[in-house]
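**Student:** Have a look at this one before I ask anything.
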Amino acid sequence: MYQNILFDLDGTLTDSAEGITNSVMYALKKYGITVSDRRELYCFIGPPLLTAFCGRYGLSEADGLQAVAFYREYYREKGIFENRVYEGVVPMLSALKDAGKRVILATSKPEEFALRILEHFDLLPFFDTVAGATMDGRIGKKEDVIRYALEKAGVTDKASTVMVGDRLHDIIGARQNGLDAIGVLYGFGDEKELRENGATHIAKTPEDVVRICLE
């Protein structure tokens, strides 16, 4: 039975596709790049932004860093709230807290933004610890965020700890920190992606996450 439950944010607790893709389109326009189908930008949901800008559009590291800054211009004011909580997430978090679990956020989103989102959607009271990326990129990769979350929460028993996320980065980051991982199918990843990267469990719904954590 798991005692410490780490959660990803985008694609796991909230559907943030609109806000993230609008922010990416805003940044890309600065480079004369237009995107007609926002689904092409779903690859930005999950990984660090710098990695996505450079990998997807071949930007240099310097241009990638500037693109991240442009992205944050839009996201800070508008994109952050172009977002919604997935159905079933509040009952899931409530059930885990009622069962005495420690609930921890581990997101590649900057911690400042993550806190604002949790507060906006009244999710913050469910979390014992909130850990996110740093604005300066010092902590950005998912494995580093998870390591930081474990340290911040004072978690040492990895056998009773699990990471919940919707993308391969969550699964790989968990494995690199010696954790089990629950891959969720209602986010932006798919079962093939999650299983191939070593997900310990697969959850189709938030209710499945509760069942797995309590069984």
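**Student:** Just the number, please: Stokes-Einstein D of region 133-215 in µm²/s, Kirkwood Rh from C-alpha pairs, 37 °C, 0.692 mPa s.
**Tutor:** 252 µm²/s
**Student:** Determine the calculated [θ] at 222 nm for the chain from helices alone, applying -39500 (n - 2.57) to every DSSP H run no shorter than 4 residues and normalising by the residue count; nearest 500 deg cm²/dmol. Could the numbers behind the result be given before it?
**Tutor:** Working: 9 runs with 95 residues, N = 215.
After summing the helix terms and dividing by the residues of the chain, the value is -13000 deg cm²/dmol.
**Student:** Moving to a separate point now. Taking the full set of protein chains and a 1.4 angstrom probe, give the accessible area of Tyr2 in square angstrom, rounded to the nearest 10.
**Tutor:** 20 Å²
**Student:** If you don't mind, another one. In degrees between 0 and 90, to the nearest 10, how far off the longest principal axis of the chain does helix 142-153 point, with axes built from Cα atoms?
**Tutor:** The angle comes out at about 50 degrees.
**Student:** When the chain is modelled as a GNM with alpha-carbon springs shorter than 10 Å, which of Tyr57, Tyr148, Tyr75 fluctuates the most?
**Tutor:** Taking springs between Cα atoms under 10 Å, the residue moving most is Tyr57.
**Student:** Give the accessible surface of the chain per residue, rounded to a whole number of Å², with probe radius 1.4 Å and ligands, DNA and RNA excluded.
**Tutor:** Accessible area per residue, the chain: 44 Å².
**Student:** Now for a separate question. Report, to the nearest whole %, how much of the accessible area of region 1-71 belongs to carbon and sulfur atoms, 1.4 Å probe, protein only.
**Tutor:** 49 percent
**Student:** Going by Cα centres, region 1-61 and region 139-203 are how many Å apart?
**Tutor:** One Cα centre to the other: 18 Å.
**Student:** Let me ask another. Counting only protein heavy atoms and using a 1.4 Å probe, what share of the accessible area of region 150-194 belongs to carbon plus sulfur, as a whole percent?
**Tutor:** Carbon and sulfur: 48 percent of the exposed surface of region 150-194.
**Student:** Leaving ligands, DNA and RNA out of it, rank Asp180, Asp10 by accessible area with a 1.4 Å probe, largest first.
**Tutor:** Asp180, Asp10
**Student:** With viscosity set to 0.692 mPa s at 37 °C, what whole-number translational diffusion coefficient in µm²/s follows for region 79-189 from Stokes-Einstein and a Kirkwood radius over Cα pairs?
**Tutor:** Working: Rh = 14.5 Å.
Translational D for this selection: 227 µm²/s.
**Student:** For region 1-147, state what percent of all Cα-Cα pairs lands in each successive 10 Å bin, counting from 0 Å until the bin that includes the largest distance.
**Tutor:** Bin by bin from 0 Å, the calculated values are 11, 42, 32, 13, 3, 0.
**Student:** For helix 111-120, what angle does its Cα long axis make with the longest principal axis of the chain, in degrees from 0 to 90 and rounded to 10?
**Tutor:** The helix 111-120 is inclined about 70 degrees to the chain.
**Student:** Starting from the Cα gyration tensor of region 52-96, take the square roots of the eigenvalues, sort them a ≥ b ≥ c, and report rounded, prolate or oblate (rounded when a/c is under 1.5, otherwise prolate if a/b is larger than b/c, else oblate).
**Tutor:** prolate
The values are calculated or read from the model by the stated rules, or taken from the named source; none is laboratory data. Fair warning: this is a prediction, and the values are worked out from it, not measured in the lab. We work out accessible area using only protein heavy atoms, side chains counted, and drop any ligands, DNA or RNA first. Shrake-Rupley method; radii C 1.70, N 1.55, O 1.52, S 1.80 Å.
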